[in-house]
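> One structure, as structure tokens, below. Some questions next.
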Amino acid sequence: MILYGSHFFKLNGLVHNKRRFWVGAIDSAKIKKMILAEGIELVGIADAKDLILAYPPRPATNLMPSAQSVIVMAVAHSLGSVYSPDIMLWTRNKMQTSRVLDQIAEKIGRFLESEGFLSLPISADKPVELFKSDPKTGEKFRQTRAVGFLSLKHAAVSCGMGQIGRNNLLLTPQFGPHQRLCAIITEAPLEPDAKQELDLCKDCGKCAKACPSGALKNGKYEADPCMAYWSYGFKRLPPAKLTEWPSYIKMIRGHFTRRDMLMESGQTFITDVDNCIECMRVCPVGKSWKNIRPKNLAPQKSGGTE
Ligand code: B12
């Protein structure tokens with residue numbers, strides 16, 4: 001007999017819990033097979049209590065104190081949309097990829113609950129928690145920062161799916177950075193996958209060179225310039241000093257003469273428009289698409305403002 005925390009135990013290959021006596025043979029292999037059969041391309045399982053945490057830390061057990069496992073799922077992007085000339089085409093495709101993931105997370109989560117295990121799907125998309133200041137130091141940020149309720153990249157690394165590359169994205173051997181992620185936190189006591197030491201990112205510098213906002217300068221990722229560009233296409237951060245306001249206002253006025261912020265906001269609500277994927281687009285990692293990548297890639301039309 002194997003004991004799984006205080007709620008579950010396994011006897012003769014069957015998992016039992018205290019709420020329902022027999023809950024069926026739920027094991028990692030069965031769950032993975034079900035998920036892959038739904039069209040998910042990569043699936044891994046991490047121990048909920050042994051997740052790699054970043055800052056601010058997002059432990060799965062904060063969202064579900066009884067959590068035992070985190071199931072991480074990935075679907076490859078359509079490479080045609082990643083390489084399309086206009087960012088909007090990618091945006092629409094990203095939404096569909098998220099939908100596939102969210103629907104399957106919902107279905108598998110419901111299945112696990114019907115088997116007696118509380119389960120919480122973590123969407124591939126928003127919502128996110130917003131911070132105006134650092135919760136630890138109280139220091140006010142120059143610009144609001146967003147953070148997911150669970151860091152999907154770190155969850156994926158925790159189950160050996162890939163590594164975080166120089167572009168700050170999850171790289172997998174199969175698809176490089178070109179996959180979308182989603183997860184299910186569950187009480188089901190599933191066998192976790194081992195973490196892996198991978199050497200996929202060769203620090204070729206392509207992502208840092210392609211980044212229009214300068215967020216990947218000096219070997220690190222900075223969330224603020226990335227967010228300003230991703231949200232509005234601004235190449236500048238909000239002014240830190242009074243003297244910076246005149247040139248900032250000039251930039252905004254220039255932006256308004258070329259772009260229709262009202263219509264764009266409307267479109268963003270409908271299709272969740274992003275302004276940038278350059279760091280992901282130029283990344284050469286991922287063996288699945290070696291032969292169909294275009295040799296030359298002009299930056300996507302996204303209309304950044306200096
Ligand atoms: C919020 C968010 C964003 C924000 C902020 C990004 C950020 N890194 O902070 C913005 C809008 C800028 C963004 C941009 C992008 N994102 Co994004 N994003 C997310 C989201 C919802 C949460 C990210 C998160 O919480 N990370 C956890 C933190 C701990 O890790 P981190 O990002 O590496 O660390 C930064 C923060 O901690 C921040 N930071 C530092 N100190 C502090 C202090 C406080 C208080 C706060 C709040 C933050 C903070 O700075 C750190 C880096 O220095 C995830 C989905 C999810 N739930 O995980 C998708 C996700 C990470 N994004 C994704 C993608 C694809 C992108 C983009 C390519 C944009 C796009 N068009 O899709 C770019 C790439 C940017 C990059 N190179 O990292 C994918 C990545 C897939 C992959 N292969 O890895 C994810 C996983 C979505 C998904 N479902 O697949 N993203």
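> Measure out, as a whole number of angstrom, how far apart the alpha-carbon centroids of the range 245-300 and the range 161-178 sit.
When both Cα centres are located, 20 Å separates them.
> With θ set to phi - 60°, apply the Karplus curve 6.51 cos²θ - 1.76 cosθ + 1.60 along the range 150-155 and write out the HN-Hα couplings as whole Hz, x wherever there is a Gly or Pro.
In residue order, the calculated couplings are 9, 7, 5, 4, 5, 5 Hz.
> Sort 168-175, 139-146 by the packing proxy (mean of other Cβ within 10 Å over each peptide's residues), most packed first.
Highest to lowest by the protection proxy: 168-175, 139-146.
> For Phe234, enumerate residues with amide H under 5 Å from its amide H, sequence gap 5+ or separate chain, H modeled in the peptide plane.
Tyr229, Thr305
> What spacing in nm lies between the two simple spin-label points modelled at Met34 and Leu262, each 7 Å away from Cα in the Cβ direction?
5.0 nm
> Against the longest alpha carbon principal axis of the chain, how many degrees, from 0 to 90 and to the nearest 10, is the axis of helix 28-37 turned?
50 degrees
> Let me ask something else about it. I'd like the orientation of helix 261-271 relative to the chain: the angle between its Cα long axis and the longest Cα principal axis, in ° from 0 to 90, rounded to 10.
Relative to the chain, helix 261-271 is tipped by roughly 20 degrees.
> Quick one: net charge of Ala74's neighbours, Cβ under 10 Å, K/R +1, D/E -1?
Neighbour charge sum, excluding Ala74 itself: 0.
> For the range 108-138, which trypsin sites (Lys or Arg not before Pro) are both in a DSSP coil and crowded by at most 11 other Cβ atoms within 10 Å?
Here the sparse-neighbourhood loop sites are Lys136.
> Go from 0 up to the bin containing the longest alpha carbon distance in the range 2-289, width 5 Å each, and give me the % of pairs per bin.
1, 5, 10, 14, 17, 15, 13, 9, 6, 4, 2, 1, 1, 0, 0
> Taking 0.36 nm per intervening residue step and subtracting the Cα-Cα distance, what contour gain separates Glu106 from Ala194 on full extension?
Going from the current span to full extension adds 29.2 nm.
> Sticking with this structure for a sec: When the helices in the chain are scored as -39500 (n - 2.57) per DSSP H run of 4 or longer and the sum is shared across all residues, what 222 nm value do you end up with, to the nearest 500 deg cm²/dmol?
Calculated from helices alone, the mean residue ellipticity at 222 nm is -9000 deg cm²/dmol.
> Quick one: helix 87-114 against the long Cα principal axis of the chain, what's the angle to the nearest 10°, folded into 0 to 90?
20 degrees
> So, one more: In a shell of Cβ-Cβ distance under 13 Å around Pro246, excluding Pro246 itself, what net charge do Lys and Arg (+1) and Asp and Glu (-1) give?
Summing Lys and Arg as +1 and Asp and Glu as -1 gives +3.
> Hey, another quick one. Filter Lys140/Lys206; Lys209/Lys295; Lys140/Lys220; Lys195/Lys290 down to the pairs with a C-alpha to C-alpha distance above 28 Å, please.
From Lys140/Lys206; Lys209/Lys295; Lys140/Lys220; Lys195/Lys290, over 28 Å: Lys140/Lys206.
> For an R0 of 22 angstrom, estimate the FRET efficiency from the Cβ-Cβ distance between Asp86 and Gln143 and round to the nearest 0.05.
For Asp86 and Gln143, the calculated efficiency is 0.25.
> Give me, ordered by chain and number, the residues 5 or more places off Cys182 or on other chains with an amide H under 5 Å from its own placed amide H.
The answer is Met73.
> With each label point set 7 Å from Cα along the Cα-Cβ vector, what nm distance links Lys220 and Glu244?
If labels sit at Lys220 and Glu244, their model points lie 1.7 nm apart.
> Going 7 Å from the Cα of Leu53 toward and past its Cβ, which residues in the range 172-213 have a backbone nitrogen under 18 Å from where you end up?
185-186
> If a cysteine in the chain has no other Cys Cβ under 4.7 Å from its own Cβ, put it on the list, ordered by number.
Cys159, Cys182, Cys201, Cys204, Cys211, Cys226, Cys276, Cys283
> When only DSSP loop residues count, what trypsin sites (Lys or Arg not before Pro) in the range 206-289 have their Cβ near at most 11 other Cβ atoms within 10 Å?
Lys220, Lys241
> Set the Förster radius R0 to 35 Å, insert the Cβ-Cβ distance between Ser288 and Met251 as r into 1/(1 + (r/R0)^6), and round the FRET efficiency to 0.05.
It comes to 0.30.
> Right, something else. For Leu171, what residues show an amide H to amide H distance below 5 Å, using hydrogens built from the backbone and excluding near sequence neighbours?
Residues meeting the amide H criterion: Gln163, Ile164, Gly165.
Values quoted throughout were computed directly from the atomic coordinates according to the rules given, and no laboratory measurement underlies them. Being a predicted model, the structure only gives us computed values, none of them experimental. Quick reminder, even Gly has a Cβ in these numbers, built from the backbone with ideal geometry, and neighbours come from all protein chains shown.
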